[in-house]
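Visitor: This structure is in structure tokens; I'll ask about it shortly.
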Amino acid sequence: MAERTLLLEIGTEEIPAHAMPPILSQLKSLAEKSFKEARISVGEISTLGTPRRISLLVKNVAENQPDISEEKRGPSEKIAIDADGNFTKAAIGFARGQKVEPKDLITRDGYIYAVVNEEGKATAEILQELLPKMICDLNFPNNMHWGSLDFKFIRPLRWIVALFGDEVIPFEVATVQSGKISRGHRVLSQGEFMVDSADAYIDACKKNFVIVDQNQRREMIVAQIEKVATERGGKAEISDDLLEEVLYLVEYPTALAGEFEIKYLNLPADAVITPMRDHQRYFPVKTMDGKLMPIFITVRNGGRDYLDIVQHGNERVLKARLEDAQFFFNEDRKKNLDQHRDKLKTVVFQESLGSMYEKTQRLVKLAEKISDMLGDKVSATEKQNAIRAAEISKADLVTGMVTEFTELQGVMGREYAKLDGENDEVATAIDEHYMPRFAGDNQPKTTAGRILSLADKIDNIVATFSRGLVPTGSQDPFALRRQALGLVNMLNEANWHISLTEIVELAMDLLNVTDKVGREKISADFVEFIKLRVKNVLADSTRYDVIDAVIDDVDDVCAVTFKAQAVEQFLASPDAVKIVQSFVRVSNLAKKAETAEVNANLVTLEPEQKLYRAFEAIKVVAGELADKKDYIGALDALKKLSAPIDEFFDAVMVMDENLEIRKNRLAILKSIDNLLVRIADFGKLVI
């Protein structure tokens, strides 16, 4: 079957850079689904994009749908054929619906069937409806509409190229007719140019100064930046997020270097890098040993003409930003962080929840509580550092530098704390307590930073929940999911076993939540919220049934992770299935027990005595191992009960007619189950 390449280029006004990756991903998914539903055989599907175009390129597209022959089952013979052997109205109606003659119906297996033959259509004909539908099916978080058109898109449409091989697929969207005419770079090209065929598209764009393949464009940008940095004797700091943004800001990249006055290097490095990177989209350059150089690299959307003018313009813009930073820094240093902290009394934390100053007071109490709960894992010095960091953790929010450059919250707190003479752990904790700031960000590393981060996150979640603002669906304006996920990962990484319930209770006390029903709801919401995050973390490496078996109690997050690891290791052993079955039998009957108090005098039969003795022999050891969070060791002890359990059930009638004996035997099972559930609900395991 003959094949061709398909091109769809949607030309627009400049699309925001952050929107391009999800748009291209969405278009590819739409294309895959559309071709499958239309029964069109295709090869590789790729999406390409620049600020002004969203393109779909599909290789090896079949020129026709395949013919199909399909049997459709109709009514049963009893309904379809009367006593005289003639087709009934039901059969005739079925035949008409399938567009076949009644005489062509087939009788088999007690039913009638129609063989439906359908000739495949030409792909070019199908594409006339499929391509415009694909454009209209793209959805965006923010849309625009223009004129009187009942059509919305992320930016106004300006042109559409639709080619099947070298054949135009004619259609219209928002008064824009498809054709062969595309547009080149706004400055470097002559404007419009013709795309002769879909296969010639990428080269045609390149001749008109558009590098339409974003992967090729990315390689060019990185290579140019690295080359320019090397020529200046340094190494460019290329962050993935900035590179991704610049990638979709340019169609024809040219990297160039600029300089700034060396005096600005006296500022904290982040105070220079943030205006440079986050506000101007420049790449900082550092020496080989990591020191910031008075050089930046930017990527121009254009060629190499007049680079000196472009460089000068960028240097002027950056100089103004750095002058601002210098001014705010000098003003901020007229006070220390303790003096800045007083101004937090005028800053509202959340509606009806007091000021940021009051929040820092809560953080001090929470940090103290967490430190005490961790016992000998936290030294007296580390506890004091955490408390001191909590006191001044939010002071930088009212400084001029953070007011102007909000991305520097915590960062400037760290730098100002160092300048105030605070020790390194206190200063670092102020920065770390905001971590992780985004997906994939680092976790706090210092003990004080972890304590303060936990305190801040729990206070944020409980405070927001106290207002009834529990995240639902995609709505999470306070980024509570990220904070809860950070909390879970932090506890696991630090191997800290603490009771979240106790901390939440204190947080509610400090927030003056006194209503009993309200407190219970906040606690329940908090547990469910954390439980979902723990599930998400475990899902990357743990069986779903194991997660279900250990997830009931997330008060000690780290213990849940240990339990999951222990159960998975246990299930890998050759006798695991038999042992789990034994444990499940115990669990099922233990639900009927009224007590776990066993009367040894009523344990009379040899199999129940054997089970009781086996349990008494291991219960202390298994319990102590569980207390120490050595769940692997506890399971090794408990699995010795498997054989006595099976023998007990084979020989003993648990539900004896004698109520006292019945109660006692159930108590034995309940005692065993009480120890088992400290590790997992084995009944939820799929074996």
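Visitor: Residue farthest toward the positive end of the dipole of the chain, with Cβ of Lys/Arg at +1 and Asp/Glu at -1: which of Ala417, Ala38, Gly375?
Guide: Ala417
Visitor: The range 539-606 to the range 189-204: how many Å between their Cα centroids?
Guide: 66 Å
Visitor: Then there is this: What net charge is computed for the residues neighbouring Gln483, neighbours being all others with C-beta under 13 Å from the C-beta of Gln483, Lys and Arg scored +1, Asp and Glu -1? Don't skip to the end; give the middle numbers.
Guide: Details: positive: Arg437, Lys457, Arg481, Arg482, Arg533; negative: Asp441, Asp456, Asp459, Asp476.
Within the 13 Å Cβ shell, the charges total +1.
Visitor: Now for a different question. Could you name the lysines in cross-link range of Lys133, using Cα to Cα under 30 Å and dropping any fewer than eight places away on the same chain?
Guide: Lys28, Lys33, Lys36, Lys59, Lys72, Lys99, Lys121, Lys152, Lys180, Lys206
Visitor: Semi-axes of the equivalent ellipsoid of the range 101-252: what are they in whole Å, largest first, if each equals the square root of 5 times a C-alpha gyration tensor eigenvalue?
Guide: Taking √(5λ) for each Cα gyration eigenvalue gives 46, 22, 18 Å.
Visitor: Quote the convex hull volume per residue of the range 331-401, based on C-alpha atoms, as a whole number of Å³.
Guide: 90 Å³
Visitor: Could you list the square roots of 5 times each eigenvalue of the Cα gyration tensor of the range 48-104, that is, the equivalent ellipsoid semi-axes, sorted largest first and rounded to whole Å?
Guide: 49, 13, 9
Visitor: Against the empirical 2.2 N^0.38 Å scaling, what ratio does the C-alpha Rg of the range 622-671 come to?
Guide: 1.44
Visitor: Might you work out the accessible area of Glu351 for me, using a 1.4 Å probe with all protein chains in place, and round it to the nearest 10 Å²?
Guide: Estimated to the nearest 10 Å², Glu351 gives 130 Å².
Visitor: Using a 1.4 angstrom probe on the protein heavy atoms only, line up Lys89, Lys365, Lys640, Lys563 by accessible area, largest first.
Guide: Reading off the accessible areas and sorting them downward yields Lys89, Lys640, Lys365, Lys563.
Visitor: At each listed q (0.18, 0.19, 0.21, 0.26 Å⁻¹), what is the log10 of I(q)/I(0) that the Debye formula gives for the range 549-588 modelled as equal alpha-carbon point scatterers?
Guide: For the range 549-588, the Cα-only Debye profile gives -0.59, -0.64, -0.74, -0.90.
Visitor: Same structure again: If amide H atoms are built 1.01 Å from N in the plane of the peptide, which residues on other chains or at least 5 residues away come under 5 Å of the amide H of Gly74?
Guide: Ile112, Tyr113, Ala114
Visitor: If you don't mind, another one. Cut-off under 23 Å on the C-alpha distance; same-chain residues fewer than 8 positions from Lys563 excluded. Which lysines are left, in chain and number order?
Guide: Straight-distance partners of Lys563: Lys377, Lys531, Lys535, Lys578, Lys591, Lys619, Lys628, Lys629, Lys639, Lys640, Lys670, Lys684.
Visitor: Beyond 18 Å, what share of the Cα-Cα pairs of the range 183-322 remains, rounded to the nearest whole percent?
Guide: Here the long-distance tail beyond 18 Å is 57 percent of all Cα pairs in the range 183-322.
Visitor: Take the Cα pairs of the range 348-450, get the Kirkwood Rh, then feed it into Stokes-Einstein at 10 °C and 1.306 mPa s and tell me D in µm²/s.
Guide: For these conditions, the coefficient is 113 µm²/s.
Visitor: Same structure, new question: Please name whichever of Asn442, Ile679, Ala91 sits farthest to the positive end of the charge dipole of the chain, dipole taken about the Cα centre and charges placed at Cβ: Lys and Arg +1, Asp and Glu -1.
Guide: Of Asn442, Ile679, Ala91, it is Asn442.
Visitor: Excluding Gly290 itself, what net charge comes from residues whose Cβ is under 11 Å from its Cβ, given Lys and Arg +1 and Asp and Glu -1? Working shown, then result.
Guide: Details: positive: Lys235, Lys286, Lys291; negative: Glu237, Asp289.
Around Gly290, the charge tally is +1.
Visitor: Now for a separate question. So what's the projected area for the range 530-599, the Cα convex hull averaged over all directions, in nm²?
Guide: 6.2 nm²
Visitor: Looking at the calculated P(r) for the range 300-362, what percent of the C-alpha pair distances fall above 12 Å?
Guide: Pairs farther apart than 12 Å: 77 percent.
Visitor: If you wrap the range 52-181's Cα atoms in a convex hull and average its projection over all directions, what's the area in nm²?
Guide: Its Cα hull, projected and averaged over all orientations, spans 12.7 nm².
Visitor: In whole Å, what are the extents of the range 578-687 along the principal axes defined by its C-alpha atoms, from largest to smallest?
Guide: If we take the Cα atoms of the range 578-687, the spans are 39, 29, 23 Å.
Visitor: If you roll a 1.4 Å probe over the heavy atoms of the protein chains, what accessible area per residue do you get for the chain, in Å²?
Guide: 48 Å²
Visitor: Quick one: work out Rg over Rh on the C-alpha atoms of the range 516-670, Rh as Kirkwood radius.
Guide: Across the range 516-670, the Cα-based Rg/Rh ratio is 1.04.
Visitor: Obtain the radius of gyration and the Kirkwood radius of the range 277-386 from its C-alpha atoms and give Rg over Rh.
Guide: Using only Cα positions, Rg/Rh for the range 277-386 is 1.19.
Visitor: Using only Cα atoms, figure out Rg for the range 329-371 and give it as a multiple of 2.2 N^0.38 Å. If you can, show how the numbers build up before the last one.
Guide: On the way: Rg = 12.7 Å, N = 43, 2.2 N^0.38 = 9.2 Å.
For the range 329-371, the normalised Cα radius of gyration is 1.38.
Visitor: Further, regarding this structure: Which ³J(HN,Hα) values in Hz, rounded to whole numbers, follow from the phi angles of the range 477-484 under the Karplus curve 6.51 cos²θ - 1.76 cosθ + 1.60, where θ = phi - 60° and Gly and Pro get x?
Guide: x, 9, 6, 6, 4, 4, 5, 5
Visitor: Which whole-Hz couplings ³J(HN,Hα) result when phi for each residue of the range 382-387 is put into the Karplus expression 6.51 cos²θ - 1.76 cosθ + 1.60, θ = phi - 60°, listed in order with x for Gly and Pro?
Guide: 5, 4, 5, 5, 5, 5
Visitor: Percent of Cα-Cα pairs more than 14 Å apart in the range 225-300, please. Can you show the working numbers first?
Guide: Values: 1645 of 2850 pairs.
The share of Cα pairs beyond 14 Å in the range 225-300 comes to 58 percent.
Visitor: Considering the convex hull of the alpha carbon atoms of the range 567-618, report its projected area averaged over all viewing directions, in nm², one decimal. Could the numbers behind the result be given before it?
Guide: On the way: hull surface 19.3 nm².
Average of the hull's projected areas for the range 567-618 equals 4.8 nm².
Visitor: With the dipole of the chain worked out from charges on the C-beta (+1 for Lys and Arg, -1 for Asp and Glu) around the Cα centre, which of Gly313, Ala427, Val584 lies farthest toward the positive end?
Guide: Gly313
Visitor: Hey, another quick one. Can you tell me the dipole magnitude for the range 353-394 around its Cα centre, using point charges on the Cβ only (Lys, Arg +1; Asp, Glu -1), in Debye to the nearest 20?
Guide: Magnitude of the dipole: close to 140 debye.
Visitor: Which shape class, rounded, prolate or oblate, goes with the chain when its Cα gyration tensor gives a ≥ b ≥ c as root eigenvalues, a/c under 1.5 marks rounded, and past that a/b bigger than b/c marks prolate?
Guide: Note, shape of the chain comes out oblate.
Visitor: If you average the C-alpha positions of the range 353-372 and of the range 458-523 separately, how far apart do those two centres end up, in angstrom?
Guide: Centre-to-centre (Cα) distance: 14 Å.
Visitor: Express the carbon and sulfur contribution to the solvent-accessible surface of the chain as a percent, rounded to the nearest whole number, probe 1.4 angstrom. Kindly include the intermediate steps, with their values, before the conclusion.
Guide: Values: 16080 of 33000 Å².
Of all accessible area on the chain, carbon and sulfur atoms account for 49 percent.
Visitor: Using just the C-alpha positions of the range 430-585 as equal point scatterers, what log10 of I(q)/I(0) does the Debye formula give at each q in 0.21 1/Å?
Guide: Values returned for q = 0.21 Å⁻¹ are -1.38.
Visitor: Using a simple charge model, +1 on the beta-carbon of Lys and Arg, -1 on the beta-carbon of Asp and Glu, nothing else, what dipole does the chain show about its Cα centre, in debye to the nearest 20?
Guide: 640 debye
Visitor: Please work out the ratio of the alpha-carbon Rg of the range 213-253 to 2.2 N^0.38 Å and round it to two decimals.
Guide: Here the Cα radius of gyration is 1.14 times the empirical estimate.
The values are calculated or read from the model by the stated rules, or taken from the named source; none is laboratory data. Given the structure is predicted, the values throughout are model-derived calculations rather than measurements. Cβ sites come from the backbone with ideal geometry, for glycine too, and all protein chains shown count toward neighbours. Ligands, DNA and RNA are excluded from the accessible area calculation, which covers all protein heavy atoms including side chains. Shrake-Rupley method; radii C 1.70, N 1.55, O 1.52, S 1.80 Å.
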